[in-house]
1. How large is the charge dipole for the range 607-677, taken about the Cα centre, if only the Cβ atoms of Lys, Arg (+1) and Asp, Glu (-1) carry charge, to the nearest 20 debye?
2. Please quote Rg/Rh for the range 619-690 to two decimal places, taking the Kirkwood radius as Rh and restricting both calculations to Cα atoms.
3. Work out, step by step, the length gained on full extension between T691 and Q544: first 0.36 nm times the residue separation, then minus their alpha carbon distance; give nm to one decimal.
4. Do you know the relative contact order of the chain, to the nearest whole percent, from alpha carbon pairs under 8 angstrom that are 6+ apart?
5. Which whole number in µm²/s is D for the range 109-186 by Stokes-Einstein, with the Kirkwood Rh taken over Cα pairs at 25 °C and 0.890 mPa s?
6. Keeping every protein chain in place, order H221, H186 by accessible area at 1.4 Å, biggest value first, i.e. largest first.
7. Taking only the alpha-carbon positions of the range 70-154 and ignoring solvent, what does the Debye formula give for the base-10 log of I(q)/I(0) at q = 0.24, 0.26 Å⁻¹?
8. Just in the range 300-359: which trypsin sites (Lys or Arg not before Pro) are loop by DSSP and have at most 12 other Cβ atoms within 10 Å?
Amino acid sequence: MESFSYRTGESGGPEGHPRFGKEDQNVPRRTDPGREVPQPAAGARHLWPAAAGCADGPHQTAFGRVTVKQLLRLADLTDEYATGNLHLTTRQDIQFHFVSLDRTPELWTLLEQDELTIREACGNTVRNITASATAGIDPAEPFDVSPYADSTFRYFLRNPVCQDLGRKFKISFSSSDQDTAFAFIHDLGFIPKVKVVDGQEVRGFKVMLAGGLGAQPYLAHLAYEFLPEDQLIPFTESVLRVFDRYGERNRRHKARLKFLLEEAGFEEFMRLVEAERIAIKVKQVDINREAVPEPAAPPPGPVTEVAVTDEKKYQAWRKTNVFEQKQKGFYAVRVKVQLGDLSSATARLLAPVVEKYAADDMRVTINQGLLLKYVHPGYLPALFEELDRTGLAEPGFDSTADITACPGTDTCNLGISNSTAISVELERVMNEEYPDLIYNTDIKIKISGCINACGQHGLAQIGFHGSSSKAKKTGAVVPALQVMLGGGRLGDGEGRIADKIIKIPSRRGPEVLRYLFNDYERHAQDGEYFNNYYDRQGKDYFYQMLKPLANLENLTPMDFIDWGQSDSFHTAIGVGECAGVQIDLIATLLFESEEKISWARETYANGAWADSIYHSYSTFVSTAKAWLLTQEINCNTQHGIISDFDKHAVQTGLVPLPGDFKTLVMQINANEPGEAFARKYLDEATDFLKTIFSIRLKQQAQYAEAHSS
């Protein structure tokens with residue numbers, strides 16, 4: 001059984017290009033080398049063909065954008081192929097779980113009918129590009145980042161430079177300096193800025209580089225205070241090329257961009273990025289600012305008086321879930337979806353409500369909810385009533401009482417302890433004992449089932465991640481939660497990573513909240529935010545406060561049963577997305593080399609010189625790695641493969657080459673991506689592959705002869 005996520009996309013590009021779907025005749029053609037950012041005709045939407053599935057497979061809804069038609073399609077498909085549930089993720093994807101692998105081809109075909117794809121929602125690629133859900137309607141935004149997120153998504157989907165990275169690569173676009181897309185924890189985080197130059201407004205982005213959460217969280221470095229908008233895609237491509245070439249590949253826990261930057265140093269890393277500029281497809285990319293048009297609002301029509309059945313709840317909902325857009329006279333409505341789980345039945349009830357009262361442009365939010373846009377103020381009471389009947393009008397969106405949680409052990413092989421049932425229990429405790437927390441947007445609670453931080457626990461004021469402990473007397477394993485405090489978003493690319501405080505049995509999670517909230521209420525100064533209170537008291541203060549809850553001498557039978565379970569707890573970590581699986585057999589690598597050289601020929605024939613060159617480069621690297629493995633030499637970066645091949649193959653004379661291998665391969669960075677160099681480089685890669693194949697055949701013949709007796 002597999003899980004998949006899907007995303008929407010729009011395609012265009014050279015006819016027959018393996019990265020694209022069918023040709024869009026409305027896409028402008030290029031006569032110069034490189035790839036045009038596809039610009040769909042008004043209303044035209046095409047599907048990116050679906051890729052092979054992955055362990056927790058998201059459906060990519062680029063920057064969280066979903067239409068009513070797509071929502072209904074997903075509801076039908078999850079009933080037919082999955083569990084009847086749509087899971088909204090922190091990457092603004094929508095996941096299916098427990099999909100039968102043998103039925104996935106037909107599922108992909110059906111997804112294609114409504115511009116849905118699972119391409120690169122998983123794997124060692126550029127993952128779903130996220131953006132502030134409020135992009136386009138945010139009163140604080142200098143401009144709408146949606147077209148920039150969309151263009152970046154389409155440019156790098158199936159792009160050769162990011163099809164086989166050492167690990168995943170995450171990009172975000174925030175709508176304003178408030179940084180609600182968390183630029184500070186992304187490989188690349190973009191925050192919109194505007195300058196006035198010679199009386200003209202110039203758009204650009206503040207760029208944050210190499211942040212990340214996980215077991216070793218890093219705050220992103222400032223790459224640029226202002227990067228002009230036409231350099232957004234060229235800079236991103238250069239960073240990806242450096243990550244592809246120098247990034248770790250064997251030790252997957254060290255294979256993220258943050259570790260490469262730490263190893264190389266910021267100045268050296270940026271030098272390598274700059275060195276890639278000669279080889280990239282295009283030196284500037286003008287973004288079509290109309291690529292994501294403003295959605296049409298529903299017609300106002302006559303407003304019928306609606307009797308609100310629960311006035312108190314309605315007023316709380318108005319205060320916490322509704323805000324006025326920058327488009328005066330329209331309101332946005334935020335929908336709280338507990339745990340991000342939306343049943344197919346609820347999705348079908350929601351769809352006509354959106355059609356009636358809002359624009360056909362929903363956004364999945366980073367905290368696993370939904371955003372509806374362009375609601376007329378007179379429609380708010382009626383919209384509330386209809387949402388309330390579907391269970392989607394709970395107040396407190398993005399408040400303390402709105403917990404973000406990954407699926408944990410429910411669906412993930414890497415989950416150590418349950419993160420969903422404990423979230424439900426914590427929300428119950430807050431709703432019953434601390435009801436005013438629905439109005440608190442300062443304290444965020446986030447939970448992950450393991451240390452890998454899919455629930456973003458490291459950037460929460462109060463975070464938990466799944467773990468385990470052993471009872472001292474019996475050695476029995478107890479499900480546990482690591483408590484973390486003090487994380488958060490500061491704005492404009494700045495943030496805080498939460499501190500590890502103490503590990504407690506999972507069953508005592510609700511008591512942690514009671515200890516913290518009660519102490520905060522008693523000892524916080526007037527108007528003091530939670531993190532200021534945390535800083536003033538100090539880490540040890542909270543360790544001592546929570547220490548009684550960590551006592552393993554007084555365990556009860558229930559402490560050995562995880563939330564949502566009926567049997568005693570035991571640890572069983574499998575292979576999940578974050579662990580990954582790699583098969584580095586020699587034959588597989590040579591097969592991949594044949595595939596890559598065929599792509600190089602195909603893209604060359606289509607006039608995509610830069611793509612052909614990169615496929616040829618990948619052929620060199622994959623083929624050299626295959627030969628090194630015949631000598632039992634393991635390499636962990638492409639740069640290392642190139643160096644080791646020179647040392648062990650060329651310098652020893654085992655592989656005859658006219659010169660050194662590095663000079664041959666690294667021509668890619670010394671030449672503009674034109675037709676002549678693409679032809680020359682393709683021929684050289686083809687000859688090299690033939691040479692290694694010939695050597696490999698001789699090795700196999702010698703082995704067979706030696707073992708024939």
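The values are calculated or read from the model by the stated rules, or taken from the named source; none is laboratory data. Because the structure is a prediction, the values reported are computed rather than measured. Here the Cβ is made from the backbone with ideal geometry for all residues, glycine too, and neighbour counts use every protein chain on show. When the accessible area is computed, the model is the full protein with side chains, heavy atoms only, and any ligands, DNA or RNA have been set aside. Shrake-Rupley method; radii C 1.70, N 1.55, O 1.52, S 1.80 Å.
1. Values: 3 positive and 7 negative charges, 36 e Å.
Here the range 607-677 has a charge dipole of around 180 debye.
2. Working: Rg = 12.2 Å, Rh = 12.6 Å.
That ratio equals 0.97.
3. Working: separation 147, 0.36 × 147 = 52.92 nm, distance 6.64 nm.
Taking 0.36 nm per residue and subtracting the Cα distance, the gain is 46.3 nm.
4. Numbers: 1576 pairs, mean separation 84.2, N = 709.
Value for the chain: 12 percent.
5. Details: Rh = 13.7 Å.
Diffusion coefficient, whole number: 180 µm²/s.
6. Working: H221 80, H186 10 Å².
Accessible-area ranking of H221, H186, largest first: H221, H186.
7. Results for the range 70-154 at q = 0.24, 0.26 Å⁻¹ read -1.27, -1.36.
8. Values: sites: K312, K313, R318, K319, K326, K328, R334, K336, R348, K356; in loops: K326, K328, K336.
Loop-located and lightly packed - K328.
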